[in-house]
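Student: Below is a structure I'd like to ask you about.
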Amino acid sequence: MGTGSILGRGSLAHVDRYVPGKPIEEVERELGLSRVVKLASNENAYGCSPKAVAAMTEEMARIPLYPESSSPALARKLAAKLGVREDQLFFGNGSDEIISLLARAFLEPGDEVVMADPTFSRYEQNVAIEGGVAVKVPCRDGVHDLDAMLGALTSKTKLVFVCNPNNPTGTTVGAEPLRAFIERVPSDVVLVVDEAYYEYVTAEDYLQTLPILDTHPNLVVLRTFSKIYGLAGLRIGYAALHPDVASILHKVRGPFNTSRLAQVAALASLDDPDFVAMCRAQNAAERDRVARALSDMGLFVYPSQTNFLLFEVPGTGAAVAERLLHQGVIVRAGEGLGVPGTVRVSLGTPEENDVFLQALVQSLN
C-alpha cells in the first residue's frame, strides 16, 4: 500500500478555487442576522419569468428521462430569435462550462491565451488547468486595451478572450475598435467575445457581433440565460459560433450537459419579452441612480453597462466589504477580483439598493 501523498495534475499547482459571493444562508448563520441582502453574484433581482416556472413545473413529470443532448427545441427557437442558424448554436451548463470546453478543446500545454487584466477570472483558471499560459494585458481605465492585446499575440496564441461588457469593471469597448480588432486577429486563433451581460447594455456604441459570424469563422460569442433571464440556478448558457468550431466542442462536452428543466425554462423565457424589457428598464434606472449616489459620496464609479457597479473605496475593498457584511449586505471585495481598493455591488431592487447605500455610509465612516 502506497504511503505517498495523492497529487493532482501538475498544472493544478497554481490554480485557485473559484470563490463566489457568500450565500445568504451562510451569512445569516454565521452572524446571527435575520435579514441579509445578497448583492455579490450579479443575479437578477427580479427573479425569472413566470412562464419559465410554469414550464419547469410541467416538465417535472419527465425528470426520470435523460434530456435531449443538443437542446434541439431550444436551438430552433433561439436561432429564429437571434437570426442565426441552428448549427451555429452550442449550449452549455452555463457559459462557464463553455469557457472550460474551449480551453479543453483548443489548448496544448504551453499554448498562450490573451486576455484583459482585470477580467473574468474563469478564463485564467481554465487556461491554467489545461497547462496553458495566460497572457494578461492591463486594461486602460477599466476598458480592454485592444491595441495592446493585438501586440501580445504570438505564434503560440491559440485563444483570445474579450469580455464585453467586462466583468468586474462593467465597461464596454466601442463598436468600431472591436470590429477592427476582430478583423486583425489571425484566422487560426479562436476569438471569444463574452457577452454574458449583453441584454443589459444600453449604450449605442456597442458592436452587434452575431451578424458577422459568417465572415469570421474563428469568432465565438458567449451569452447566457443566467443574468437577465434569471436562470442562474439552472446553469444554461450558449455560444454562437461556426459549425466547425461547434463540432469540436461537441467532442469534449458531456452527453447530457444541460438538464431538462434548464432547457424548458430557457425555451419558455424566450416567450416572455415583456419580462426581459422590464428587467432591462429597471436595471438601467437603478444603475444610474446608485451610480449617482456613489459619486455623491465622493467615490469613483466605473461606467457600467451591466447589472453591477465597481467603485473605488478608501483603504481596502475587503475591509469595506466586511463592514457591509456585518450589516447584512453581501458584496464582492475588489481584491478578489483583481482590482484592489474597490468593491463590486450587484444591482438589486430599489429597496435592496437603498439598504446597501445606507449601510455603505456607515461602512465608510
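Student: Just to verify a result, which residue in the range 194-212, among those that are without any contact (Cβ under 8 Å) to a residue 60 or more places away in the chain and over 16 Å from Leu82 (Cα atoms), is surrounded by the fewest Cβ atoms within 10 Å (Cβ to Cβ)?
Tutor: Going through the qualifying residues, I end up with Glu204.
Student: Kindly provide the set of residues from the range 217-234 that are over 20 Å from Ser49 (Cβ atoms) and crowded, with 16+ Cβ neighbours inside 10 Å, ordered by number.
Tutor: Asn218, Leu219, Val220, Val221, Leu222 - these are the residues of the range 217-234 that are over 20 Å from Ser49 (Cβ atoms) and crowded, with 16+ Cβ neighbours inside 10 Å.
Student: In this structure, is Gly83 out of contact with any Leu (no Cβ under 6 Å at 6 or more places or on another chain), closer than 20 Å to Val221 by Cβ and surrounded by fewer than 22 Cβ atoms within 10 Å (Cβ to Cβ)?
Tutor: Yes; evaluated as a whole, the condition is true for this residue.
Student: Continuing with the same structure: Determine which single condition Phe300 fails, assuming it passes every other condition in (1) in contact (Cβ under 8 Å) with a residue 40 or more places away in the chain; (2) surrounded by fewer than 21 Cβ atoms within 10 Å (Cβ to Cβ); (3) of a type outside the set (A, V, I, L, M).
Tutor: (1)
Student: Residue under question is Val84, and the condition is that it be modelled with pLDDT of 95 or more, touching a strand residue (DSSP E or B) at 6+ places or on another chain (Cβ under 7 Å) and assigned to a loop (DSSP other than H, G, I, E, B); does it hold?
Tutor: yes
Student: In the range 127-196, which strands (runs of 3 or more DSSP E) lie fully inside it and hold 3 or more residues that are at pLDDT 95 or above and touching a Ser or Thr at 6+ places or on another chain (Cβ under 6 Å)?
Tutor: Per the criteria, no element qualifies.
Student: Within the range 343-365, take every residue that is outside any helix (DSSP H, G or I) and in contact (Cβ under 8 Å) with a residue 60 or more places away in the chain and give me the one that is farthest from Gly47 (Cα to Cα). First the steps, then the outcome.
Tutor: At the first step, the residues of the range 343-365 found to be outside any helix (DSSP H, G or I) are 343-349, 365.
Pick out the ones that are also in contact (Cβ under 8 Å) with a residue 60 or more places away in the chain and you get 344-349.
Details: Arg344: 20, Val345: 17, Ser346: 14, Leu347: 13, Gly348: 11, Thr349: 11 Å.
For the range 343-365, the residue satisfying everything is Arg344.
Student: Same structure, new question: Could you list, in sequence order, the residues of the range 90-142 that are more than 14 Å from the chain's Cα centre (by Cα), of a type in the set (Asp, Glu) and surrounded by 19 or more Cβ atoms within 10 Å (Cβ to Cβ)?
Tutor: If the condition is that a residue be more than 14 Å from the chain's Cα centre (by Cα), of a type in the set (Asp, Glu) and surrounded by 19 or more Cβ atoms within 10 Å (Cβ to Cβ), then Glu112, Glu130 are the ones that fit.
Student: Name every residue in the range 23-69 that is buried (at least 19 other Cβ atoms within 10 Å of the Cβ) and hydroxyl-bearing (Ser, Thr, Tyr), in order of residue number.
Tutor: Ser49
Student: Does Glu59 satisfy being acidic (Asp, Glu), more than 17 Å from the chain's Cα centre (by Cα) and farther than 30 Å from Val185 by Cα?
Tutor: So Glu59 passes the test.
Student: Residue under question is Ser187, and the condition is that it be on the phi < 0 side of the Ramachandran plot, of a type in the set (S, T, N, Q), touching a residue at least 24 places away in the same chain (Cβ under 8 Å) and surrounded by fewer than 18 Cβ atoms within 10 Å (Cβ to Cβ); does it hold? Write out each step before concluding.
Tutor: On the way: on the phi < 0 side of the Ramachandran plot: yes; of a type in the set (S, T, N, Q): yes; touching a residue at least 24 places away in the same chain (Cβ under 8 Å): yes; surrounded by fewer than 18 Cβ atoms within 10 Å (Cβ to Cβ): yes.
Answer is yes for this residue.
The values are calculated or read from the model by the stated rules, or taken from the named source; none is laboratory data. Quantities reported herein were computed from a predicted structural model and do not represent experimental measurements. Positions of Cβ are generated from backbone atoms using ideal geometry, with glycine treated the same way; all protein chains shown enter the neighbour counts.
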